[in-house]
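For reference, the structure discussed in these notes is given below.
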Amino acid sequence: MTLNEFTNFLDKKIQENERCIKITFYELRIKYDLSEQETEEFIKLAKIRLTNMGYEVYTREVNNDSENNNIQLKDNELLIGIREL
């Protein structure tokens with residue numbers, strides 16, 4: 001996935017629902033045919049971009065900061081970004 005495709009993907013997600021961004025396994029691994037390594041890199045970059053835009057970002061990382069909140073990712077979700085408007 002190119003940087004332009006990455007940007008377009010996230011921009012489309014934000015347009016669909018700017019309060020809650022959800023990125024799923026299906027979207028990245030099946031629809032866009034990304035490898036495991038490409039998927040990890042995508043999630044890493046998406047986390048950085050969404051954090052910079054003011055989103056609280058939750059992923060499947062072991063060292064996630066979400067220990068004290070109620071955010072639970074479903075099995076197919078790789079990332080959730082939530083922003084209060």
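Using only DSSP helix segments of four residues or longer, with each worth -39500 (n - 2.57), what per-residue ellipticity at 222 nm results for the chain after dividing by its residue count and rounding to 500?
On the way: 2 runs with 31 residues, N = 85.
After summing the helix terms and dividing by residue count, I get -12000 deg cm²/dmol.
Put one equal scatterer on each alpha carbon of the chain, apply the Debye formula with no solvent term, and list log10 I(q)/I(0) at q = 0.16, 0.17 1/Å to two decimals.
-0.59, -0.67
Counting Lys and Arg as +1 and Asp and Glu as -1, each charge on the Cβ, what is the dipole of the chain about the Cα centre in debye, to the nearest 20? Before the final figure, lay out the partial values.
On the way: 12 positive and 17 negative charges, 43 e Å.
So the dipole magnitude of the chain works out to roughly 200 debye.
Under a 1.4 Å probe, what is the accessible area of the chain per residue, stated in Å²?
Numbers: 6010 Å² over 85 residues.
Normalised by residue count, the accessible surface of the chain is 71 Å².
Taking all protein chains together and a probe of 1.4 Å, list Phe6, Phe25 from the most accessible to the least accessible. Mind showing how you got there, number by number?
On the way: Phe6 20, Phe25 90 Å².
The residues order as Phe25, Phe6, largest area first.
Pull out the extension gain between Asn76 and Phe6, defined as 0.36 nm times the separation in residues minus the alpha carbon to alpha carbon distance; nm, one decimal. Intermediate results must be reported in sequence, preceding the final value.
Numbers: separation 70, 0.36 × 70 = 25.20 nm, distance 1.95 nm.
Working it through step by step, the gained length comes to 23.3 nm.
At Leu45 and Glu18, where each label point lies 7 Å from the Cα along Cα→Cβ, what is the point-to-point distance in nanometres?
2.4
Select from Asn4, Asn17, Asn76 the residue farthest towards the positive end of the dipole of the chain; place +1 on Cβ of Lys and Arg, -1 on Cβ of Asp and Glu, and compute about the Cα centre.
Final value for the positive-end residue is Asn17.
Around Ile82, what is the net charge, scoring Lys/Arg as +1 and Asp/Glu as -1 over all other residues with Cβ under 11 Å from its Cβ? Intermediate values should be presented prior to the final figure.
Numbers: positive: Arg19, Lys22, Arg83; negative: Glu18, Glu56, Glu84.
Summing Lys/Arg as +1 and Asp/Glu as -1 gives 0.
The values are calculated or read from the model by the stated rules, or taken from the named source; none is laboratory data. This structure is a prediction, so every number in the text was calculated from the model and none was measured. Cβ sites come from the backbone with ideal geometry, for glycine too, and all protein chains shown count toward neighbours. Accessible surface is based on the protein model in full, side chains and every heavy atom, while ligands, DNA and RNA are left aside. Shrake-Rupley method; radii C 1.70, N 1.55, O 1.52, S 1.80 Å.
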